[in-house]
1. Evaluate the charge dipole of region 92-234 about its Cα centre and quote only its size in Debye, nearest 20, assuming +1 on the Cβ of each Lys and Arg and -1 on the Cβ of each Asp and Glu.
2. Can you tell me the alpha carbon radius of gyration of region 131-196 divided by the globular rule-of-thumb value 2.2 N^0.38 Å?
3. What is the Cα centroid distance between region 176-234 and region 14-85, reported in whole angstrom?
4. Can you pick out the pairs among Lys79/Lys194; Lys143/Lys171; Lys44/Lys76 whose Cα atoms lie more than 31 Å from each other?
5. Provide the percentage of antiparallel DSSP beta bridges, counting only those with both residues in the chain; round to the nearest 5.
6. Which whole-number value in Å² is the accessible area per residue of region 127-234, probe 1.4 Å?
7. What's the Cα-based Rg to Rh of region 148-234, Rh via Kirkwood?
8. May I have the extent of the alpha carbons of region 69-134 along their three principal axes, as whole Å values ordered from largest to smallest?
Amino acid sequence: MKENKTVRIYVASSTYDRPLKQEGYSLMKDETVLQVGASLTDKKIYRGVTTDDTGENISGRNQQYCELTGLYWIWKNAKEDYVGMVHYRRHFLLPENWLERMIENDIDVILPVPLYVAPCLSENYRERHIATDWDYLMEYIQKNLSTEYTTAVEFFNGCLYSPCNMLIAKKTVFDELCSWLFPILDAVAVHIGKREDKYQNRYPGFMAERLMTYFFEGRKCQYNVVYANKDFWD
């Protein structure tokens, strides 16, 4: 069955990534490097690398959107039946026959094992980042996605979310997520604009981690979701 399905896990990487201290990592056979923020530099990670500035893209927004410029590129340009995004330092820990198991069990998406934060997702964001940014996000959801607002509030009052904007999914499911996610992030980014602090300027990426988890949690009856551990290379 696997031979009838195509798969590609894109590893978001950039020319600004610091070299890994650990040795011995090599890409899995289904992984390929995707250089993100490629339109912002003349450098290439290596000759012939896949870059997020081809086709329909938002590569130029990488300083704000971080790896999400890669997520967007996959949405608009990838053609595989199953697609995923990981990071140059973070990869899913998967069994060798993970794709067969995903197909046989009709799994829609693999997310990272949820992370616990306190006192809850919304307050954790407001404490670690700029509180008014989160407040506007919730105002936007209340006004423009009113049927989801109560469910979203309940979810963000919880303490678990899948971090890092990592996932592997059926391409159709991946597309459904992105079609929902990016209009929200774009509207919030238009309202808030750029932040002087480089870290806090990455708020679309921080919000996306919470929103991506909510998207699947709020649609439990629609999607078959499983979770996998990830590694972290220093």
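1. About 220 debye.
2. Details: Rg = 13.3 Å, N = 66, 2.2 N^0.38 = 10.8 Å.
Ratio of Cα Rg to 2.2 N^0.38 Å: 1.23.
3. Region 176-234 and region 14-85 have Cα centres separated by 17 Å.
4. Working: Lys79/Lys194 33 Å; Lys143/Lys171 29 Å; Lys44/Lys76 21 Å.
Flagged as over cut-off: Lys79/Lys194.
5. Bridges in the chain are about 40 percent antiparallel.
6. Ligands and nucleic acids excluded, the result is 47 Å² per residue.
7. On the Cα set of region 148-234, Rg over Rh gives 0.98.
8. 42, 27, 24
The values are calculated or read from the model by the stated rules, or taken from the named source; none is laboratory data. Here the structure is a predicted model, which means the values were calculated and not measured. Ideal geometry is used to build each Cβ from the backbone, glycine not excepted, and the neighbour counts take in all protein chains shown. Surface accessibility is based on the protein's heavy atoms, side chains included, excluding ligands, DNA and RNA. Shrake-Rupley method; radii C 1.70, N 1.55, O 1.52, S 1.80 Å.
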